[in-house]
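Right, one structure below, let's go through it.
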Amino acid sequence: MPSGACVIPYHGKRGTTWSVKYRDADGRQVKERLGSEAEGWNRRKADRELRHRLADVERKGWRKPRALTFKSYAETWFTEGEKRRRWRPTTVAQYRSVRERLEEAFGPMPLDAIRPRHVAAYIASTSARYGPATVGRDVSVLHAILRTAQREELVHANAAAAAERPKLPRRQWRILQPQEVGRVSRAFTDEQHRTVFWTLVLTGVRREELRRLRWRDVDLVESVLRVRDAKSDRGVRTIALAPSLAEMLWQHRRRSSFQGDDEFVFCHPTKGSPLIVDTYVEAFRAALAAAGITDHVRPFHDLRHASLTNGAAAGETPIALMTRAGHANMSTTQTYLHLAGVVFPDEAKRLEERLGAKVGTGVGTDLREPQGI
């Protein structure tokens, strides 16, 4: 072991705290606090951590990071992230509030001084003021910041890696049943809003994907809708249009004053700007009430759930569902499917045919030799 490298125990009133001392690749002395006994640290673990530090110095030429506060590093992280990841305005606005809370708690702290206990204290204090989803989002952003800092060798460990996040309450989704969809559709008094409703129900596109649709994205000859301006690269996709929806969109274009390829499909009737969300939401709520539906149904996201769930119930294949939803994996798509109580008679019939089972009207069952198993 290099000269001067050692483990330093500090025995205080609250127990023993462990630190390590060593020199970096430039020969500068580094003294780093590891943690206390209450945090699971002991002599053996501290010795192992010191060996890891010395290996980093030897193999990677590790140097003591410049003094950085969390606030200064977070400012850089958010600025670069906005440009590199091309965050949408809504994402930037949401992250702005997250950033304010994180900087209020960790701002003046040295970046490499943040420990798991600090993160746990933040979760406890924030949970008293905000819901589980907000706290979980804050921790996710903090984790991402510290992960980047760790990759840049500014911190040795991600203090938020093992953070225990508050449990989200189980959500009870309310999606429209097939027989309700027609009633709601007929209750709309505005044709554009009715067409918006059917586009959401039959394609499952997201709210902002729908608002950014331009006529060049809708091919009424091939009956396809192309999502170009999506949430992610995976979200760029082509969706087949049902014949009824293609006809509805054609009639909508004929009525619109904005029919050019670069014009928005759903827009303000006189200005041509993207669909005003609040106006549609108001019309949707009125249609629900007129259809006798008093449950809370979200005007965009729940219709996306309804579209994918009913697609699965109608026999749409998993890969087709995943592609239509614009998801990177099926596990994400499954969170949108609410199939409890849904009956699949066609699948039952196909299973019967495959197994060669033919049930008669009597008590007996004619089981022929199964084919192709």
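Quick notes on this structure:
- Given the chain, longest segment not containing exposed loop GluC sites (Glu not before Pro) (DSSP; at most 16 other Cβ within 10 Å): 1-151
- Over segment 6-60 - Rg/Rh using Cα atoms and the Kirkwood inverse-distance radius: 1.02
- Span from the segment 220-235 Cα centroid across to the segment 107-135 one, whole angstrom: 40
- Modelled label reach - residue 251, point 7 Å along Cα→Cβ, segment 187-206 residues with backbone N closer than 14 Å: 187-199
- For the pair residue 14 and residue 47, a Förster radius of 22 Å applied to the C-beta separation gives a FRET efficiency near 0.50, rounded to the nearest 0.05.
- Options (1) 0.96; (2) 1.00; (3) 1.39 - which one matches Cα Rg over 2.2 N^0.38 Å as calculated here: (3)
- Fewest neighbouring Cβ atoms within 10 Å first, the residues 114, 175 line up as 175, 114.
- In order along segment 179-192, the Karplus-derived 3J(HN,Hα) couplings, from 6.51 cos²θ - 1.76 cosθ + 1.60 at θ = phi - 60°, round to 6, 7, 4, x, 5, 5, 4, 5, 7, 5, 9, 10, 5, 5 Hz, and Gly and Pro are given as x.
- Rounded to the nearest 0.05, the FRET efficiency derived from the C-beta distance between residue 21 and residue 140 at R0 = 45 Å is 0.85.
- Among the listed pairs 31/71; 64/167; 60/83; 31/60; 21/83; 60/231, those beyond 28 Å (Cα-Cα): 64/167; 60/83; 21/83; 60/231
- Extension gain (nm, one decimal) between residue 298 and residue 151, 0.36 nm per residue minus Cα-Cα: 48.9 nm
- Pair residue 224, residue 331: separation of 7 Å Cα→Cβ label points (nm): 3.1
Since every read-out is calculated from the coordinates, none of them should be taken as a lab result. These figures come from a predicted structure and were not determined experimentally. As a convention, Cβ positions derive from the backbone with ideal geometry for all residues, glycine included, and neighbour counts pool all protein chains shown.
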